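Enquirer: This is the structure I want to talk about, given as structure tokens.
The values are calculated or read from the model by the stated rules, or taken from the named source; none is laboratory data. Just so you know, these numbers come straight off a predicted model, no measurement behind them. Neighbour counts run over all protein chains shown; Cβ positions are idealised from the backbone, glycine included. Please note that ligands, DNA and RNA were not included when accessible areas were found on the heavy atoms of the full protein model with its side chains. Shrake-Rupley method; radii C 1.70, N 1.55, O 1.52, S 1.80 Å.
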Amino acid sequence: MALIDVDNLTMRFGGLTAVSEFSTRMEGGELMGLIGPNGAGKTTVFNMVSGFYTPSEGRIVFDGTPTAGLKPHRVTTLGISRTFQNIRLWHDLSVLDNIRIAQHSRMGYTSWDAFLRTRRFLDNEARIDRTALELLEALDLLRFKDELPRNLPYGLQRKVEIARALSTKPKLLLLDEPAAGLNSADVKGLIDLVRWIHKEFKITIWMIEHQMTVVMSLCQYIQVIDFGRQIAAGTPEEIQKNPVVIKAYLGDDQI
Amino acid sequence: MLQRLSVPLVLLASLAVCVGLSMGGVLDGYMQTVLMFVGINVILATSLNLINGNMGEFACGHAGFMAVGAYVSSLLTVLFLTDSKFGPALLPSGAALWFFPLSLVVGGAAAAVTGLLVALPSFRTRGDYLAIITIAASYIIKSSIENIDTIGGARGFMGMSRVVAAMNSTIDLPWMIIWTFAGAVFCVWIIQRYVSSTYGKGVMAICQDEVAAEIMSVNTNRIKLVTFMLSSGLAGLAGGLMAHVLGYVNPGNFTILKSTEIMVMVYMGGMGSISGAVMAAFLITFLMEGLRFIIPMLDTLLHAVWLLPDGYELTQVWKWVIIPLLLIMLMMFRPEGIMGARELADLFPRLRQYYKFK
């Protein structure tokens with residue numbers, strides 16, 4: 001059974017078709033890329049897969065469960081997590097709290113337990129603390145645990161956001177332009193980080209990225225979309241040489 | 001061990017002082033009422049702070065939930081404990097001791113259910129729209145009460161002072177002081193427990209980025225419901241206490257002005273700060289009452305230095321100039337309120353050893 005099977009996904013906003021008949025399939029363990037010019041509909045695909053939009057047409061089956069129409073938090077509980085193009089951390093909560101809150105689906109207690117401070121509450125809070133600290137330790141963020149994300153440099157904020165996404169224990173991690181706004185040193189660090197996460201957490205990663213160095217050095221398989229439609233798919237080498245892709249990115253005027 | 005017990009001990013001691021001073025006659029009836037209103041305002045400010053501060057929403061119908069709690073608990077106590085137009089008392093007057101707190105809990109629960117009914121249709125709205133919905137809801141509650149004649153309609157409902165008298169005659173203690181004190185402590189305690197749990201931190205996550213919260217597996221609808229119910233339930237508790245402190249309720253007590261007064265305390269204390277809300281509740285209550293005495297003094301003073309013409313007297317109406325003026329100054333010079341989003345323990349880290357914050 002495939003980990004995720006996306007079939008003929010279409011998204012219309014009024015008269016505008018943002019994504020049209022997009023399909024993909026991952027068996028589990030891949031590192032896939034989704035590229036395309038600005039406004040091609042990449043983030044819309046992610047928004048549908050993460051449950052933020054309900055697709056106008058098409059099916060998404062994740063781990064055997066159809067997810068189209070589920071609330072985002074239910075989709076996340078099933079095992080899809082994501083980061084955002086513009087960092088959306090909770091900037092006035094500490095880094096540790098950011099990581100902790102992302103464990104809401106595995107909290108294991110109810111509001112009554114929180115009021116009454118039952119054994120179940122205490123045990124689960126201790127577990128949440130422990131897993132959050134372990135995650136921060138693994139990503140080398142432990143020394144920033146009490147900082148507010150707003151006070152961290154941009155590159156670190158990216159890393160904290162990825163850590164928060166991992167804290168939901170995903171099987172599939174969606175990274176929406178993780179290298180956007182990073183300087184070249186940070187980009188190199190990001191490539192190593194994504195590769196390390198892919199290996200260490202044994203999860204499937206699907207990323208949108210504009211910087212070709214990142215996509216080409218990380219992704220095993222890339223899909224290209226333009227105006228909401230898939231125009232090409234293949235390995236990085238194939239994509240780089242594909243005339244349709246070059247045309248989409250550079251335009252077809254003769255220079 | 002002593003450090004962990006220090007907060008309960010300090011609370012117990014201050015309760016004992018209040019009770020002792022009231023019984024010894026040092027605090028007269030008026031002073032006692034002011035103290036009780038401090039307690040009630042602490043409940044109102046901290047509970048509204050949960051929604052307007054922690055969750056970053058803009059609810060302005062807190063008085064409506066107070067009204068529900070006030071009427072439900074008053075009806076219960078009057079019905080069960082006194083000979084009223086509903087019939088003779090169903091319980092002996094000694095039962096007031098345990099029945100009164102029970103009726104407060106039932107009043108709070110009724111207000112929480114009302115909160116649920118208001119919260120359900122307002123999920124998809126935020127900001128201004130939620131403000132309108134909550135104002136509308138509080139008006140629905142107020143005019144419903146005005147139009148139910150069995151509970152007095154617009155004339156109001158009374159008989160609660162006999163319930164308080166029944167408690168006092170069973171065991172001679174200033175019971176209302178004890179219960180408002182207990183109510184305020186309970187309210188701060190339960191909100192503190194809520195917002196310091198991972199569950200309750202979801203409230204702050206919703207405030208700062210609702211979309212991110214939902215995508216990071218926070219069940220935002222559920223959290224909003226629980227938070228709204230907790231907040232309105234506590235407002236109902238405050239309403240029940242207020243009804244019994246005054247001995248008389250009237251739909252006119254629960255207008256938009258009352259809701260505004262509570263909002264002023266929240267914004268003055270600092271959004272999302274429990275200790276700020278408590279401080280503001282103290283400050284506003286004492287300020288409101290204090291001006292009663294300060295204004296005549298000011299009047300004499302200004303006449304003495306020839307700043308006011310002989311024919312003009314500085315009346316109590318000036319309270320409504322002075323307090324808004326203070327608010328404008330506060331918003332100009334310290335817009336984040338007294339405490340901002342901080343708690344007392346953030347400012348004085350040494351306090352942490354006396355109470356656990358989590």
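Enquirer: With the checklist (1) without any contact (Cβ under 8 Å) to a residue 24 or more places away in the chain; (2) surrounded by fewer than 21 Cβ atoms within 10 Å (Cβ to Cβ); (3) touching a strand residue (DSSP E or B) at 6+ places or on another chain (Cβ under 9 Å) in hand, flag the one item residue A:67 doesn't pass.
Expert: Looking at each condition in turn, residue A:67 falls short on (2).
Enquirer: Please verify whether residue B:237 is open to solvent by 20 Å² or more (accessible area, probe 1.4 Å), over 17 Å from the mean Cα position of the chain (by Cα), touching a residue at least 40 places away in the same chain (Cβ under 8 Å) and more than 9 Å from chain A (Cβ to nearest Cβ), treating the condition exactly as stated.
Expert: Answer is no for this residue.
Enquirer: Can you name every residue in segment B:200-210 that is assigned to a helix (DSSP H, G or I), at the interface with another protein chain (Cβ under 7 Å from one of its Cβ atoms) and open to solvent by 10 Å² or more (accessible area, probe 1.4 Å)?
Expert: B:201, B:204, B:208
Enquirer: Restricting to segment B:28-49, what's the tally of residues that are open to solvent by 10 Å² or more (accessible area, probe 1.4 Å) and of a type in the set (Ser, Thr, Tyr)?
Expert: Summing the residues that are open to solvent by 10 Å² or more (accessible area, probe 1.4 Å) and of a type in the set (Ser, Thr, Tyr) in segment B:28-49 gives 2.
Enquirer: Yes or no: segment A:135-148 includes at least one residue that is part of a loop (DSSP other than H, G, I, E, B) and within 8 Å of another protein chain (Cβ to nearest Cβ).
Expert: no
Enquirer: State the number of residues belonging to segment B:305-319 that are part of a helix (DSSP H, G or I) and either touching a Leu at 6+ places or on another chain (Cβ under 7 Å) or more than 26 Å from residue B:286 (Cβ to Cβ) (or both).
Expert: So the answer is 1.
Enquirer: If we keep just the residues of segment B:144-160 that are out of contact with any helix residue (DSSP H, G or I) (no Cβ under 8 Å at 6 or more places or on another chain) and small (Gly, Ala, Ser), which is nearest to residue B:80 (Cα to Cα)?
Expert: Checked segment B:144-160; the qualifying residue nearest to residue B:80 (Cα to Cα) is B:152.
Enquirer: Kindly indicate whether any position in segment A:59-78 is at the interface with chain B (Cβ under 10 Å from one of its Cβ atoms) and of a type in the set (Ser, Thr, Tyr).
Expert: Scanning segment A:59-78 turns up at least one residue that is at the interface with chain B (Cβ under 10 Å from one of its Cβ atoms) and of a type in the set (Ser, Thr, Tyr).
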